[in-house]
Amino acid sequence: MTLMRIHHVAYRCMDAKTTVEFYQKYLDMDFVLAISEDKVPSTGEPDPYMHLFLDAGQGNILAFFEIPNSPKMGFDPNTPDWVQHIAFKVENEETALKVKAKLEADGIEVVGPTNHHIFQSIYFRDPDGHRLELAYDTATEEDMKKLHDIAPQMLIDWTKSKKTLKHAAWLHEEEFSKS
């Protein structure tokens, strides 16, 4: 089997209209379609919902559900806040910085640019609190080959020890040596 692309990734939102407007305004996403039904097709459960689909580029769709009859939306309290996020690739630093300026002008907090060595990124939150990242690549082919080549051994070593590994420490040595 060969996967072709991500068909869609779905998250929950508190207000469908607010969500669509945010992603249109800050990330220039097209609002592709909406589906609203009284029953969940996969389970048959009665649970009215609005299902939104936004174009995230290259045929990838970011989807949201507004489910007003469910308990208030929350996040996994056992997972650190920075872990779960949606990262979008942008063309370059200029693009990321333009979005950053637009967000900040509207009072939305932005973290970064953050140097990951192989890419740079900014982080911010949508109206529902989902953490978003805009990343632009800065890696050389050599960097990516080196990371690709050490990945299998890193996985083996991590599985055995569950301790921090130094195989790719070179990615952040400069940043951490400043601290």
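Please treat every number below as a calculation from the coordinates, not as lab data. The shown structure was predicted, so the numbers you read here are calculated from the model rather than taken from an experiment. Neighbour counts run over all protein chains shown; Cβ positions are idealised from the backbone, glycine included.
Table for the structure above
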{"item": "Residue pairs, from the table K98/K145; K17/K102; K100/K166; K146/K166; K98/K146, whose Cα atoms sit over 22 Å apart", "result": "K98/K145; K100/K166; K98/K146"}
{"item": "Region 81-100 and region 109-177: distance between their alpha carbon centers, rounded to Å", "result": "14"}
{"item": "Under 13 Å, Cβ to Cβ, from I6 - net charge with Lys/Arg +1 and Asp/Glu -1", "result": "+1"}
{"item": "Residues of region 119-134 with amide N under 18 Å of a point placed 7 Å along Cα→Cβ from H172", "result": "119-124, 132-134"}
{"item": "Sites F31 and L3 - FRET efficiency at Förster radius 35 Å, r taken between beta-carbons, to 0.05", "result": "0.85"}
